[in-house]
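Colleague: Sharing a structure, written as structure tokens. Questions coming.
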Amino acid sequence: MLRKWLRHLRLRLWILPQLHRTYSSLSVAETFKKIYRTRAWGNNGAPFTSGGGSSGPVSEQYCAAVVEFIRDHQVQSVVDLGCGDFVVGRQIVEATGVRYTGVDVVPELIEHHKSTVHDPRVSFQCADITSDPLPAADLCLIRQVLQHLSNDEIAKVLANIGTFRWILVSEDVPTNPRSFNRDKPHGPDVRGYYGSGVYLDRPPFSRPAKELWSFGLREEAVLRTVLLGQASAK
Ligand SMILES: C[S@@+](CC[C@H](N)C(=O)[O-])C[C@H]1O[C@@H](n2cnc3c(N)ncnc32)[C@H](O)[C@@H]1O
């Protein structure tokens, strides 16, 4: 118990402030490039690893729910903003045959996908989702991306995705949050270390968002998915 508490204290007082100093001086693109280069999210043997969240039971539950959503709503095309290592996207394409565009800010990762994924239904585009024009699609997926951005950057993403009919945003949030949307600089860490998470339905974002799914990640955290876009108001 004491050991756990000391570890937590070290994380809060030493490791996280140091991490924030390192990454806040980098641009968003440089930040995620460095995260992949230094394997900050682990190493599954592939050239790019987006972290443990891309695989495992919760990832499977998420994919099954998205596949059902795609079928129920006759979705023909999907854009996956912050597609990362494409482990999750690949499962969705294989289960549905949907047209899929993966978007990410890291040029090397996008080049890697372009040279290794040979599927006529699948394409990739390098873009910063806080500011660049985005490809059109019926459904926009954003999964475990906003949790790595600052509140200002999240607001910019929200302003940039207004045209999609359906938007599913999935973020890790604490089971018993101590706060909502605690701000942090962009980087590999998440608000969960502070007992907080991204809640688009709460200030400062206050978007009409309908909670669709919540899958238990650990005792203290869930992967929460909300529906935004025109359909969320219905
Ligand atoms: C934790 S990974 C999640 C990957 C994938 N969505 C998944 O669920 O497995 C976050 C991804 O978002 C990308 N990303 C973060 N900020 C971005 C931005 N502003 N524009 C585009 N991609 C971004 C990162 O490069 C990274 O690949």
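Colleague: Quick check: residue separation of W14 and R207 times 0.36 nm, minus the Cα distance between them. What number comes out in nm?
Modeller: Length gained, W14 through R207: 66.1 nm.
Colleague: Over all alpha-carbon pairs of the chain, lay out the pair-distance distribution in 10 Å bins, whole %, shortest bin first.
Modeller: So the P(r) values, bin by bin, are 7, 33, 40, 17, 3, 0.
Colleague: Then there's this: Measuring with a 1.4 Å probe in the full set of protein chains, what accessible area per residue, in whole Å², belongs to the chain?
Modeller: Roughly 50 Å² per residue, with all protein chains present.
Colleague: Using a 1.4 Å probe, how large is the accessible area of R99, given in Å² and rounded to the nearest 10?
Modeller: Per-residue accessible area (R99): approximately 140 Å².
Colleague: Which percent of the accessible area of the chain is formed by carbon and sulfur heavy atoms (probe 1.4 angstrom)?
Modeller: Carbon with sulfur: 51 percent of the solvent-accessible area.
Colleague: Treating the angle as unsigned and between 0 and 90°, give the value, to the nearest 10°, between the Cα long axis of helix 87-96 and the longest Cα principal axis of the chain.
Modeller: Tilt of helix 87-96: around 30 degrees.
Colleague: How far is helix 28-37 tilted, in degrees, relative to the longest principal axis of the Cα atoms in the chain, given as a value from 0 to 90 rounded to the nearest 10?
Modeller: Relative to the chain, helix 28-37 is tipped by roughly 80 degrees.
Colleague: Separate question: Which angle between 0 and 90 degrees, to the nearest 10, do you get for helix 107-116 versus the longest principal axis of the chain when only C-alpha atoms count?
Modeller: 40
Colleague: Grab the beta carbon distance between S25 and A136, set R0 = 25 Å, and tell me the FRET efficiency rounded to 0.05.
Modeller: With a Förster radius of 25 Å, E is 0.10.
Colleague: Further, regarding this structure: Which of the trypsin sites (Lys or Arg not before Pro) found in the range 31-85 are in a DSSP loop and have at most 13 neighbouring Cβ atoms, other than their own, within 10 Å?
Modeller: R39
Colleague: Choose one of T130, F205, S179: the residue whose Cα lies farthest towards the positive end of the charge dipole of the range 2-233 (beta-carbon charges +1 Lys, Arg; -1 Asp, Glu; about the Cα centre).
Modeller: Most positive-ward Cα: S179.
Colleague: Given +1 on the Cβ of Lys and Arg, -1 on the Cβ of Asp and Glu, and no further charges, what dipole in debye does the chain carry about its Cα centre, rounded to the nearest 20?
Modeller: 820
Colleague: Further, regarding this structure: Where does each of 21-28, 143-150, 74-81, 2-9 land if you order them by average Cβ count within 10 Å, highest first?
Modeller: 143-150, 74-81, 21-28, 2-9
Colleague: Which pairs break 24 Å Cα to Cα here: K114/K156; K34/K156; K4/K34; K4/K210; K156/K210; K34/K114?
Modeller: Check vs 24 Å cut-off fails for K114/K156; K4/K34; K4/K210.
The values are calculated or read from the model by the stated rules, or taken from the named source; none is laboratory data. Keep in mind it's a predicted model, so treat the numbers as computed, not measured. No Cβ is skipped: glycine too gets one built from the backbone with ideal geometry, and neighbour counts run over all protein chains shown. Just so you know, the surface numbers come from the protein's heavy atoms only, side chains and all, with ligands and any DNA or RNA stripped out. Shrake-Rupley method; radii C 1.70, N 1.55, O 1.52, S 1.80 Å.
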